[in-house]
1. Test each condition in (1) surrounded by fewer than 17 Cβ atoms within 10 Å (Cβ to Cβ); (2) in contact (Cβ under 8 Å) with a residue 24 or more places away in the chain; (3) within 26 Å of B:Ser105 (Cα to Cα) for A:Ala93 and report the one that comes out false.
2. Tally time: how many residues in the stretch B:89-105 are in contact (Cβ under 8 Å) with a residue 12 or more places away in the chain and at the interface with chain A (Cβ under 8 Å from one of its Cβ atoms)?
3. Restricting the search to the stretch B:56-72, which residues are touching a strand residue (DSSP E or B) at 6+ places or on another chain (Cβ under 8 Å), open to solvent by 50 Å² or more (accessible area, probe 1.4 Å) and within 22 Å of B:Lys83 (Cβ to Cβ)?
4. Scan the stretch A:64-94 for residues that are over 23 Å from B:Gln37 (Cβ atoms), in contact with a strand residue (DSSP E or B) (Cβ under 8 Å, 6 or more places away or on another chain) and of a type in the set (A, V, I, L, M, F, W, C) and jot them down.
5. More than 26 Å from A:Leu109 (Cβ to Cβ), open to solvent by 20 Å² or more (accessible area, probe 1.4 Å) and part of a strand (DSSP E or B): which single residue out of A:Ser24, A:Ser28, A:Ser73 fits that description?
6. Can you name every residue in the stretch B:54-86 that is within 13 Å of another protein chain (Cβ to nearest Cβ), part of a strand (DSSP E or B) and not aromatic (Phe, Trp, Tyr)?
Amino acid sequence: SQQGEEDPQALSIQEGENATMNCSYKTSINNLQWYRQNSGRGLVHLILIRSNEREKHSGRLRVTLDTSKKSSSLLITASRAADTASYFCATDALAYKYIFGTGTRLKVLA
Amino acid sequence: DGGITQSPKYLFRKEGQNVTLSCEQNLNHDAMYWYRQDPGQGLRLIYYSQIVNDFQKGDIAEGYSVSREKKESFPLTVTSAQKNPTAFYLCASSMAGELFFGEGSRLTVL
């Protein structure tokens, strides 16, 4: 079963614009992570936010977490063509058991 | 270089044949994982192992088997009991909650 659902499923923006994608999950978590996947490749870790944190930044990435709503958002500022990829959230409903969402396909147009 | 190595990258097999996908890591991580990804979909957990000689079923373990005889290695066998084995298979290991992925193995059953 999928723990997370990303929204939107697909997003197309112009270079320089901001991209926001959301993740909702079902059960209590210890932490939530965001990953990026280029087509046909493995996933790359972007950022981890713990359940007692509300916001975290890393470069052009900003992640928020609302445990009362069981949701998180990933904001990519000043997007670039190289940001084109699929983005997934992952949660640890159980220790060591990481469950991924369905992903958001982001296309950044040059 | 430290990382996760999956082999083979592409694999073609006839229906009814068992196939084994290799996953090796030199990151000294205790936990390892196998995920399946279908086109345009998220990742679904097949099996995971927290420590050598121990592993647990994920959400879609039927038709798959694993072993964890060494810390570095977590091979996945796709058996003939798996009804729809054509997919992209991703192996990962984890440290401090962050997952590190291999580049994947694409299995096509003819």
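The values are calculated or read from the model by the stated rules, or taken from the named source; none is laboratory data. From a predicted model like this one, the values you see are computed outputs, not experimental measurements. In this analysis, Cβ positions are derived from the backbone assuming ideal geometry, glycine residues included, and neighbour counts consider all displayed protein chains. When the accessible area is computed, the model is the full protein with side chains, heavy atoms only, and any ligands, DNA or RNA have been set aside. Shrake-Rupley method; radii C 1.70, N 1.55, O 1.52, S 1.80 Å.
1. (3)
2. Restricting attention to the stretch B:89-105, the residues satisfying the condition of being in contact (Cβ under 8 Å) with a residue 12 or more places away in the chain are B:89-95, B:99-105.
Adding the requirement that they be at the interface with chain A (Cβ under 8 Å from one of its Cβ atoms) leaves B:90, B:92, B:94, B:99-104.
The number of residues fulfilling the criteria is 9.
3. Residues satisfying the conditions are B:Lys57, B:Asp59.
4. A:Leu65, A:Leu75, A:Ala81
5. Working: A:Ser28 fails: part of a strand (DSSP E or B); A:Ser73 fails: more than 26 Å from A:Leu109 (Cβ to Cβ).
Unique residue meeting the criteria: A:Ser24.
6. Of everything in the stretch B:54-86, those that are within 13 Å of another protein chain (Cβ to nearest Cβ), part of a strand (DSSP E or B) and not aromatic (Phe, Trp, Tyr) turn out to be B:Asp54, B:Gln56, B:Lys57.
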